[in-house]
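The values are calculated or read from the model by the stated rules, or taken from the named source; none is laboratory data. What you see is a predicted model; the values in this text were computed from it and never measured. We place every Cβ from the backbone using ideal geometry, glycine too, and count neighbours over all the protein chains shown. Note: areas computed on protein heavy atoms with side chains; ligands, DNA, RNA excluded. Shrake-Rupley method; radii C 1.70, N 1.55, O 1.52, S 1.80 Å.
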Amino acid sequence: MNDNTSNVNNFNKFEDIQKEKFDFANKGEKLSDQKLDTKPISYFKDAFIRFSKNKASVAAAVIIALIVVYAFLVPLCTSSTKAALLDPYYSKKAPRIVALKEDLGIFDGGINIKYNERALIIELAKGVGAEFDSDDEDNIISLGESMDSYYQPVSSYEYYGVNAGNEDVYQSRTDAYLSQGFMYIQIEQSEYQNILDWQEETGLTILYPLIANNEYNPDTSNANYWYKMNSKLTPVSVDENDHVTKLSYSEDLVLQDNYMRNSEGQLVYYTYIGGGTTETAQYKVRILYYNYYIYNNGFEPEYLLGTDSSGYDLAYRMARGIQLSLLLAVSVSLINFVIGAVYGAIEGYYGGATDLILERVSDILGGIPFIVVATLFQMHLAAKVGGVVSLLFAFVLTGWLGTAYRVRTQFYRFKNEEYVMAARTLGARDRRIIWKHIFPNSLGTIITSSVLVIPGVIFSESMLSYLGIIKLGGSKITSLGTLLSDASSIWTTYPHLMVAPAVVISLLMICFNLFGNGLRDAFNPTLRGVEE
Amino acid sequence: MKGMTKYVLKRILLMLFTFFVIVTICFILIRMLPQELPQDVNLAAAIQARWEALGYDKPILVQYGIYLKNIVTEWDFGTSWKISLMKPATYVMGSRLLPTVLVNLYSLIFAIPLGIALGIYAAIRKNKWEDQIISVVIMLFVSVPSYVYAFIVQYLFYFKWHLVSQPTILSLADAGGTYFSWSMFVSMIPAVLALSFGEIAGLARFTRAELTETLTQDYMLLARTKGLTRSQATVRHALKNAMVPILPMIISSFIGILGGSMIIEQIFSIPGVGQLYILSINLLDYDVFMLDSIFYTFIGLLAGIVVDISYGFIDPRIRMGEK
């Protein structure tokens, strides 16, 4: 009221001023805000700048990116034959890359084994036997010469000491793939012809002469005992008078072969053991498994991370496992993000009775131990929708509770702010206020918590599959936990089975935690150092 | 204090309600699973008779009524058919509590002082190299899954250093028939260590965060101004206040020792409740599975409520849920 009277008074005061003296203040000028000299920085850009200053988090993000690239690139690079390859003999073998083995001596498919003298000779003899030349059958190379052979399983060995039985012991590095050596198999005649053609074409030898069935062959089922030995597997030499001499190890030792020869003194490569007379005839032959593998598959046995306990390529299996973990974790995180945001927003915004009822629901869901949820879902749903989907359901059922709780807290914090009141006064509806005005404020917290869900899911998934509660061990799909659980009883003998999956899962967990912490600090600098 | 009693009562009632709903859901879901009779005719007849007494041919809600009635009147949670034949489920479970509790108790006794000490040290030396090393180690141990360092511990203790006679814990017979013998204790050490690392790291991280916050408070400045030395001020003021959230966490850990860790029990073959859970799923021993689920649910709820209530007792300023 006072304002009115004073206005009137002022008006009266200036009554006498002439009209001409008035001028428009801004006539002809365009009125606008001054343009900012610097570029405006949005909330997300600001957070990004802060994030990139955090070295640990950036490093973590890079490592995650590398693991993702690995997980999706390796299956693309692996031929479908190799991915599905389940070799019965080459399981649990160590990492092996031929080029690296020859040039650098790493990835040699090697394991460290100690041999006594007899065992060392048996092992070295595999290399000698593989170099056998049927055109020059009397010329058998010595053990020392055989070290240059491509098929020599022992890549290096040295004298180690004496064992309890007073025998010499040698420490060796042995290529586990070549150590498979020779074996007997049964093939059809047509297959035999194919192998002969293949040998002609490639110059590699698969078929080796059979071993004689006499007193110098103590174990007729073992195709590696091609030289004369006594019943204790010690190599012997036999002269024309059937006089037997024991041979002892030296580099120059030349073993005496014990191949099967027919009445004309020629080497025998197969025996007929049944079947028809023509193409279906069954032959027993003695093969060098390494070359037979190449004949079957078209490539040498090369495995970046070795083979797993059932004989699959471990590098490929791991890529599949990581894929599963990541896809599961990211979809859980996204679904949780949506459900948690909506649920938390409704709880926080409306409060009161709505909040009370919804809180009870989430109390109940949160009270069921996750392991029980996962088990029940597995038992009820896995047969119908598959293990992965039922696991996804289990994660989704209770996973969003954390996000919802955070969103609810944020909504309680922001819903009574002045700008929300202003928006409501201007007639904004609830939905608009929730999503346009309050939600963006809590977005940083929600994104952070969604990212931190990922390591939790990866861990739970690997734990459940490790314990065997969920079973993901098919030929197409596997999980890191399954790989670890397969390795758990044999990993001291085959450490590579355990090391690679354990390292990858630890790296994933560490990096996602660092990444999430970095995001939290970036979105909310005041929270730095505070643990949630 | 009257408000406190009312608050505690309210929390307990709410917890019981939640517990009841969860048990109901679990019961229905487990009873809906197909059950099979064994091949053995006599055994099958015995099981059939027992099932009829429990009303297996009646609707599920009636079955649930019988189940609840048996619990209330006879403390009968059903019978184990596979794990130990015809024994009550409560007996099967009860016989497995001790190993779980022992291993977890040893690990807590080891982990709590160490975790808190590390956390305090890191907080006092904040942003110095000691703190940075501790923080990195904590980050590693919090993130790396427990089974990975279980394998490392197993490898070092058994295969490398030969400190224990076998990779898993001794069986009861080998250890002289009791879980309290010295040889049993020694064989438990790898499992105890594997359990401790995560606990130590978690506790150290929490203590460090809480203590760094209290160390920067105004009352610390006042304490120094009135003449206390730095250590006096830290122990009497900062630590005391930092303990407010740490103590409930420790209390909940002590309740958690009943549940144990499934994966550690599996790796070290500890015959505890976690292993029982896996066994009951693999053998489809439903009554044991049901009891184990109830047990885990109860422990989880109990830990939550004890934490909330102990907050109120430890720090009168906090009365959660009071308006």
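Which residue, of A:350, A:293, A:343, A:312, is surrounded by fewer than 22 Cβ atoms within 10 Å (Cβ to Cβ) and over 24 Å from residue A:397 (Cβ atoms)?
Being surrounded by fewer than 22 Cβ atoms within 10 Å (Cβ to Cβ) and over 24 Å from residue A:397 (Cβ atoms) holds for just one of A:350, A:293, A:343, A:312, which is A:293.
To keep it simple, each residue is scored yes or no on (1) outside any helix (DSSP H, G or I); (2) among the hydroxyl-bearing types (Ser, Thr, Tyr); (3) away from every other protein chain (no Cβ under 13 Å).
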| site | (1), (2), (3) |
| --- | --- |
| B:17 | no, no, no |
| B:20 | no, no, no |
| B:50 | no, no, yes |
| B:76 | yes, no, yes |
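I want to confirm something. Restricting to the stretch B:154-198 and keeping residues that are in contact with a helix residue (DSSP H, G or I) (Cβ under 9 Å, 6 or more places away or on another chain) and among the small types (Gly, Ala, Ser), which single residue is farthest from the other protein chains (Cβ to nearest Cβ)?
B:176
Please give the number of the condition residue B:64 fails out of (1) over 30 Å from residue B:255 (Cβ atoms); (2) surrounded by 16 or more Cβ atoms within 10 Å (Cβ to Cβ); (3) without any contact (Cβ under 8 Å) to a residue 60 or more places away in the chain.
Tallying (1) over 30 Å from residue B:255 (Cβ atoms); (2) surrounded by 16 or more Cβ atoms within 10 Å (Cβ to Cβ); (3) without any contact (Cβ under 8 Å) to a residue 60 or more places away in the chain, residue B:64 fails exactly one: (1).
I'd like to know if the stretch B:224-233 contains one or more residues that are within 14 Å of chain A (Cβ to nearest Cβ), modelled with pLDDT under 90, surrounded by fewer than 19 Cβ atoms within 10 Å (Cβ to Cβ) and more than 30 Å from residue B:264 (Cα to Cα).
No, the conditions are met nowhere in the stretch B:224-233.
Return the total of residues in the stretch B:241-268 being part of a loop (DSSP other than H, G, I, E, B) and either at pLDDT below 90 or facing chain A (nearest Cβ under 10 Å) (or both).
Total satisfying the criteria: 5.
In this structure, is residue A:515 open to solvent by 10 Å² or more (accessible area, probe 1.4 Å), at the interface with chain B (Cβ under 10 Å from one of its Cβ atoms) and at negative phi?
No: the conditions fail for residue A:515.
Out of the residues in the stretch B:14-41 that are free of Cβ contacts under 8 Å to residues at least 12 places away in the same chain and open to solvent by less than 60 Å² (accessible area, probe 1.4 Å), which is farthest from residue B:300 (Cα to Cα)?
Out of the qualifying residues, it is B:29.
Quick one: count up the residues across the stretch A:193-218 that are in a loop (DSSP other than H, G, I, E, B) and over 41 Å from the mean Cα position of the chain (by Cα).
The total comes to 9.
Residues are listed down the side, and each one gets a yes or a no for (1) facing chain B (nearest Cβ under 10 Å); (2) part of a loop (DSSP other than H, G, I, E, B):
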| site | (1), (2) |
| --- | --- |
| A:422 | no, no |
| A:428 | no, yes |
| A:445 | no, no |
| A:481 | yes, no |
| A:500 | no, no |
| A:521 | no, no |
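Can you tell me which residues in the stretch A:68-93 are among the aliphatic types (A, V, I, L, M), surrounded by 16 or more Cβ atoms within 10 Å (Cβ to Cβ) and modelled with pLDDT under 80?
Scanning the stretch A:68-93 gives A:83, A:85.
For the stretch B:5-13, indicate whether the set of residues that are surrounded by 12 or more Cβ atoms within 10 Å (Cβ to Cβ) and at pLDDT 90 or above is non-empty.
For the stretch B:5-13, residues surrounded by 12 or more Cβ atoms within 10 Å (Cβ to Cβ) and at pLDDT 90 or above: present.
Test residue A:324 against the stated conditions and say whether it is in the same structural domain as residue A:488 (by TED's automatic domain parsing) and touching a residue at least 40 places away in the same chain (Cβ under 8 Å).
In short, yes.
Determine the pairs where a residue that is over 16 Å from residue B:289 (Cβ atoms), located within the stretch B:74-95, has a partner that is open to solvent by less than 40 Å² (accessible area, probe 1.4 Å) and part of a strand (DSSP E or B) with Cβ atoms under 8 Å apart, the partner being 6 or more residues away or on another chain.
The qualifying pairs are B:86/B:79; B:86/B:80.
Within the stretch B:277-294, work out how many residues are at the interface with chain A (Cβ under 10 Å from one of its Cβ atoms) and not in a helix (DSSP H, G or I).
1
Can you go through B:256, B:304 and tell me which one is closer than 27 Å to residue B:194 by Cβ, in contact (Cβ under 8 Å) with a residue 24 or more places away in the chain, outside the structural domain of residue B:167 (by TED's automatic domain parsing) and surrounded by fewer than 22 Cβ atoms within 10 Å (Cβ to Cβ)?
Every option except B:304 fails the conditions.
Table: residues versus (1) of a type in the set (Asp, Glu); (2) under 30 Å from residue A:79 (Cα atoms); (3) modelled with pLDDT of 90 or more.
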site	(1), (2), (3)
A:417	yes, no, no
A:464	no, no, yes
A:489	no, no, no
A:525	no, no, no
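Which of the following residues is of a type in the set (A, V, I, L, M), assigned to a loop (DSSP other than H, G, I, E, B) and away from every other protein chain (no Cβ under 14 Å): B:37, B:33, B:9?
B:37
Is it true that some residue in the stretch A:385-399 is outside any loop (DSSP other than H, G, I, E, B), assigned by TED's automatic domain parsing to the domain that holds residue A:449, open to solvent by 40 Å² or more (accessible area, probe 1.4 Å) and without any contact (Cβ under 8 Å) to a residue 12 or more places away in the chain?
Yes, because at least one residue in the stretch A:385-399 is outside any loop (DSSP other than H, G, I, E, B), assigned by TED's automatic domain parsing to the domain that holds residue A:449, open to solvent by 40 Å² or more (accessible area, probe 1.4 Å) and without any contact (Cβ under 8 Å) to a residue 12 or more places away in the chain.
Name the residue, out of A:510, A:469, A:458, that is within 30 Å of residue B:267 (Cβ to Cβ), modelled with pLDDT of 90 or more and open to solvent by less than 20 Å² (accessible area, probe 1.4 Å).
Every option except A:458 fails the conditions.
State the number of residues belonging to the stretch A:227-246 that are touching a residue at least 40 places away in the same chain (Cβ under 8 Å) and assigned to a loop (DSSP other than H, G, I, E, B).
Summing the residues that are touching a residue at least 40 places away in the same chain (Cβ under 8 Å) and assigned to a loop (DSSP other than H, G, I, E, B) in the stretch A:227-246 gives 3.
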